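The values are calculated or read from the model by the stated rules, or taken from the named source; none is laboratory data. Bear in mind that the values here come from a model prediction, so they are computed numbers and not experimental data. In this analysis, Cβ positions are derived from the backbone assuming ideal geometry, glycine residues included, and neighbour counts consider all displayed protein chains. Keep in mind that these areas ignore ligands, DNA and RNA; they rest on the heavy atoms of the full protein, side chains included. Shrake-Rupley method; radii C 1.70, N 1.55, O 1.52, S 1.80 Å.
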Amino acid sequence: MIIMKSDATQEQVSAVVKDIETHGLRADVSQGDFRTVIGLIGDERKISFDHLAMLPGVKEARMVETPYKLISREYARLTGESEHRIIKVGNVEIGGDKLVFIAGPCAVESKQQLFKIAEGVKKAGAQVLRGGIFKPRSSVHSFQGLGGAGEDEATEALEWFCEAGDRFEMPVVTEIRGESQVDLVAKYVDIIQIGARNMYDQDLLVKVARMGKPILYKRHFGAGIEEFLSFAEYMVAEDNKDIILCERGILPLGKGKSYTRYTLDLAAVPVMQKETYLPVIIDPSHAAGRRDLIFSLSCASVAVGACGLIVEVHHNPAEALVDAQQQITPDEFKELVMACQSIRQAIGNKRNGG
Ligand code: PEP
Ligand code: MN
């Protein structure tokens with residue numbers, strides 16, 4: 001990380017960037033109100049920090065040991081940017097003062113189903129509509145989402161999805177399951193979701209980041225927090241800082257019945273909010289895997305400081321084609337929204353790490 005002097009000229013900044021690039025690294029230039037900070041992207045051992053410190057206009061050149069630095073609060077602090085990034089999508093602010101509720105079906109099943117649920121979640125207090133068009137499934141024999149039937153079917157479902165978003169005034173988010181879907185999906189949606197199973201796919205992360213749209217990025221169920229944040233850095237290194245981190249449960253411990261699909265790691269919320277300026281949300285639906293726990297886990301998520309929730313809602317959960325056991329009704333979702341709002345009010349806007 002290179003901290004430039006407050007009176008460093010543009011030419012001096014450019015000269016430092018060029019020097020970094022000739023050593024085979026990339027530079028992330030962050031121009032704050034008071035000073036410019038340059039983050040190094042790549043193997044820092046390729047360059048001498050003593051050499052960088054001598055360049056004109058450089059105040060300090062320091063090696064940063066953490067595997068993620070561009071997303072660190074320290075980086076934001078140095079450049080004078082906010083230590084809590086607010087991601088604006090339409091009229092919705094993610095990471096701002098208000099809680100954000102993202103809701104909708106696990107999978108888009110039909111136009112009628114989608115519109116019914118979109119109307120229900122909007123009335124209940126959702127600000128963003130979710131719905132899977134390409135579903136990651138364990139079995140090739142189960143419903144793969146409408147996108148699984150082919151490009152025409154995927155396009156049609158994406159059109160309904162945007163239409164529902166427009167009709168009920170909600171930005172929309174859907175998951176891409178692989179690189180081949182990125183161009184198509186990015187044409188339609190407001191936020192691109194990278195699912196838990198793809199957390200480690202660095203080529204996919206880079207490709208999605210380059211679309212320049214906000215990304216809802218889920219933690220893999222076997223990933224440690226440092227690992228999750230390190231992979232998030234791949235997207236910020238592509239100059240896309242609009243990353244929403246999502247905790248959605250990690251693998252349960254031990255043998256025998258585990259009672260939940262995954263174990264919701266609540267502490268990950270305050271921990272990540274201390275480490276990074278990116279907003280953190282929780283998905284209680286995939287963590288619990290059962291509808292009777294969604295209310296409690298949502299309340300707990302807000303209590304630990306999550307910026308928002310992504311919840312699976314279906315007008316007729318029992319009939320849902322995917323994840324029937326964990327979807328809740330719009331009425332249940334409404335109760336959850338009201339309870340979460342009260343908890344948020346009780347804890348105030350005090351955020352983790354100040
Ligand atoms: C989803 O949100 O539809 C989903 C499949 O979640 P996850 O990637 O967390 O399993
Ligand atoms: Mn699901």
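For the reader, a short list of remarks on this structure follows.
- Here VAL269 clears all of (1) away from ligand 1 (no atom under 16 Å from the Cβ); (2) surrounded by 22 or more Cβ atoms within 10 Å (Cβ to Cβ) except the condition numbered (1).
- Here TYR200 meets the list (1) buried (at least 19 other Cβ atoms within 10 Å of the Cβ); (2) more than 16 Å from ligand 2 (Cβ to nearest atom) almost entirely, failing just condition (1).
- Against the numbered list (1) basic (Lys, Arg); (2) away from ligand 2 (no atom under 16 Å from the Cβ); (3) surrounded by fewer than 18 Cβ atoms within 10 Å (Cβ to Cβ), LYS241 comes up short only at (3).
- Residues that are within 12 Å of ligand 2 (Cβ to nearest atom) and outside any strand (DSSP E or B) within the range 94-108 comprise PRO105, CYS106, VAL108, listed in sequence order.
Per-residue answers, yes or no, for (1) part of a loop (DSSP other than H, G, I, E, B); (2) in contact with a strand residue (DSSP E or B) (Cβ under 8 Å, 6 or more places away or on another chain):
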residue: ILE294; (1), (2): no, yes
residue: SER301; (1), (2): no, yes
residue: ALA306; (1), (2): yes, yes
residue: ALA318; (1), (2): no, no
residue: VAL322; (1), (2): yes, yes
residue: ALA339; (1), (2): no, no
residue: GLN345; (1), (2): no, no
residue: ASN349; (1), (2): yes, no
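- Within the range 50-73, the set of residues being over 13 Å from MET4 (Cβ atoms) and surrounded by 17 or more Cβ atoms within 10 Å (Cβ to Cβ) comprises TYR68, LYS69, LEU70, ILE71, SER72, ARG73.
- Residue count for the range 324-337, restricted to those that are within 16 Å of ligand 1 (Cβ to nearest atom) and either assigned to a loop (DSSP other than H, G, I, E, B) or open to solvent by less than 10 Å² (accessible area, probe 1.4 Å) (or both): 4.
- The range 169-181, residues that are surrounded by fewer than 17 Cβ atoms within 10 Å (Cβ to Cβ) and either away from ligand 1 (no atom under 16 Å from the Cβ) or of a type in the set (D, E, K, R) (or both): GLU169, GLU179, SER180
- Screening LEU129 against (1) assigned to a helix (DSSP H, G or I); (2) closer than 21 Å to SER298 by Cα; (3) within 15 Å of ligand 2 (Cβ to nearest atom); (4) without any contact (Cβ under 8 Å) to a residue 60 or more places away in the chain leaves a single unmet condition, (1).
- Among the residues of the range 167-197, those identified as part of a helix (DSSP H, G or I) and within 22 Å of the chain's Cα centre (by Cα) are GLU179, SER180, GLN181, VAL182, ASP183, LEU184, VAL185, ALA186, LYS187, TYR188, ALA196, ARG197.
- Any hit, the range 29-41, residues being open to solvent by 10 Å² or more (accessible area, probe 1.4 Å), among the charged types (D, E, K, R) and not in a loop (DSSP other than H, G, I, E, B): no
- Looking across the range 202-221, the residues that are of a type outside the set (Lys, Arg), more than 12 Å from ligand 1 (Cβ to nearest atom) and in a loop (DSSP other than H, G, I, E, B) come down to MET211, GLY212, PRO214.
- Matching residues in the range 222-259 - criterion: being touching a Leu at 6+ places or on another chain (Cβ under 7 Å), assigned to a loop (DSSP other than H, G, I, E, B) and within 16 Å of ligand 1 (Cβ to nearest atom): GLY222, GLY249
- Tally of residues being among the hydrophobic types (A, V, I, L, M, F, W, C), farther than 14 Å from THR174 by Cα and within 13 Å of ligand 1 (Cβ to nearest atom) across the range 108-156: 1
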